[in-house]
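*Asks:* A single structure is presented below for examination.
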Amino acid sequence: MKYIFSIFGNPVSHSKSPLMHNLTFKGLGIEGCYGRYLLEDGTTLRETFFSLGLKGANITVPHKEHAYHACDVLDPFAQKVGAVNTIVRHEGKLHGYNTDAPGFLRAIGEFVGRKVLFLGAGGTAQATAAILSDEGYEVMILNRSAGRLEKFREQGFACHTFETFEPQAFDLIINMTSAGLEEDVLPAPLEILEAVIPQTKACVDVIYGKETPFLKLAKKYDKPTKDGADMLLYQGVIAFGYFIDNTYTFDEILPYMKKAFDFN
Ligand code: NDP
């Protein structure tokens, strides 16, 4: 076996990444193998990476910030957002990237309009708001509690809690929370959602693998919708490109990785 890769997370048993990457190695005829590693203590990420003899890794919840600190060299965007989901070893040094945000940007590329409402202010919202802002989108952040909004405010985003928000027209409303992942709950009060969804052009959820109450509500208003599957797929394709030193293009990698979504 030439190269070994892994995903680190906690939990990690549900992750589709091993299937996505292994199908792509097989499809492209590359000698590579991708496993999964349940990492409980994120501070041990670097030593665990080296002790497993890995060439590269993906990092999922809750270790993206630990991954940022584990790297020797950071891509400028990963440096800016403080979160790394892809690590590649080059000559003994760990290089860190964030592929979640460019994957997300590509996933929403089909929708027109630049005025976006984010529901949620967690780690995923941080990285994706930064890339949308870089690309000229106008992003407003609406979150259940005030605590996480301060960081966004410092970066110049308009921020509201449910108490201060005034409904208005957006091109795109995106559920960036984990509401709807485990329990069937909406990411914001129904009266707020019913005031903004009818005025929007489309609704997106970063959750994948199920139809969330948010997307169900959007469909009730006949809005075009999209879940988080393409975001997951595209971040994987971009990460794979880094793993193999960009010897294959995005479009060459995509069809093999996409096959992982044929499995339940
Ligand atoms: P975080 O834990 O960092 O943030 C969670 C956010 O959700 C906070 O803003 C929190 O609000 C809000 N929230 C949680 N529960 C509720 C609720 N019941 N009602 C309203 N708001 C709620 O999570 P992440 O940013 O890491 O992940 C967010 C989502 O993104 C997850 O569902 C995850 O699965 C998904 N994701 C999808 C990816 C993909 O490839 N498709 C990639 C990465 C993540 P508060 O501040 O008030 O607590």
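The values are calculated or read from the model by the stated rules, or taken from the named source; none is laboratory data. The structure displayed is predicted, hence computed values, not measured ones. Reconstructed Cβ throughout: ideal geometry from the backbone, glycine too, with neighbour counts over all protein chains shown. Just so you know, the surface numbers come from the protein's heavy atoms only, side chains and all, with ligands and any DNA or RNA stripped out. Shrake-Rupley method; radii C 1.70, N 1.55, O 1.52, S 1.80 Å.
*Asks:* Of the residues in segment 79-100, how many are hydrophobic (A, V, I, L, M, F, W, C), closer than 15 Å to Gly241 by Cβ and within 17 Å of the chain's Cα centre (by Cα)?
*Replies:* Count: 1.
*Asks:* Sticking with this one: If Pro189 satisfies all but one of (1) open to solvent by 30 Å² or more (accessible area, probe 1.4 Å); (2) within 11 Å of the ligand (Cβ to nearest atom); (3) closer than 30 Å to Asn22 by Cβ, what's the number of the condition it fails?
*Replies:* (3)
*Asks:* For segment 14-29, how many residues are more than 13 Å from Ala57 (Cβ to Cβ) and either buried (at least 18 other Cβ atoms within 10 Å of the Cβ) or modelled with pLDDT of 95 or more (or both)?
*Replies:* Residues flagged as more than 13 Å from Ala57 (Cβ to Cβ) and either buried (at least 18 other Cβ atoms within 10 Å of the Cβ) or modelled with pLDDT of 95 or more (or both) within segment 14-29 amount to 11.
*Asks:* Residues of segment 88-109 being closer than 16 Å to Lys201 by Cβ and free of Cβ contacts under 8 Å to residues at least 40 places away in the same chain, which ones?
*Replies:* Passing the criteria: only Gly109.
*Asks:* Looking at segment 169-178, which of the residues that are open to solvent by less than 60 Å² (accessible area, probe 1.4 Å), assigned to a loop (DSSP other than H, G, I, E, B) and free of Cβ contacts under 8 Å to residues at least 60 places away in the same chain is nearest to the ligand (Cβ to nearest atom)?
*Replies:* Ranking the candidates gives Thr177 first.
*Asks:* Same structure again: Can you go through Ala202, Ala260, Ala229, Ala239 and tell me which one is away from the ligand (no atom under 16 Å from the Cβ) and surrounded by 14 or more Cβ atoms within 10 Å (Cβ to Cβ)?
*Replies:* Answer to the selection: Ala202.
*Asks:* Among residues belonging to segment 212-226 that are within 23 Å of Gly113 (Cα to Cα) and crowded, with 22+ Cβ neighbours inside 10 Å, point out the one that is nearest to the ligand (Cβ to nearest atom).
*Replies:* Result: Phe214.
*Asks:* Among the candidates Phe8, Phe49, which residue alone is closer than 26 Å to Leu254 by Cα, in contact (Cβ under 8 Å) with a residue 24 or more places away in the chain and either within 16 Å of the ligand (Cβ to nearest atom) or surrounded by 20 or more Cβ atoms within 10 Å (Cβ to Cβ) (or both)?
*Replies:* After applying the criteria, what remains is Phe8.
*Asks:* Which condition breaks for Leu119 when tested against (1) at pLDDT 95 or above; (2) more than 10 Å from the ligand (Cβ to nearest atom)?
*Replies:* (2) is the only condition that Leu119 fails.
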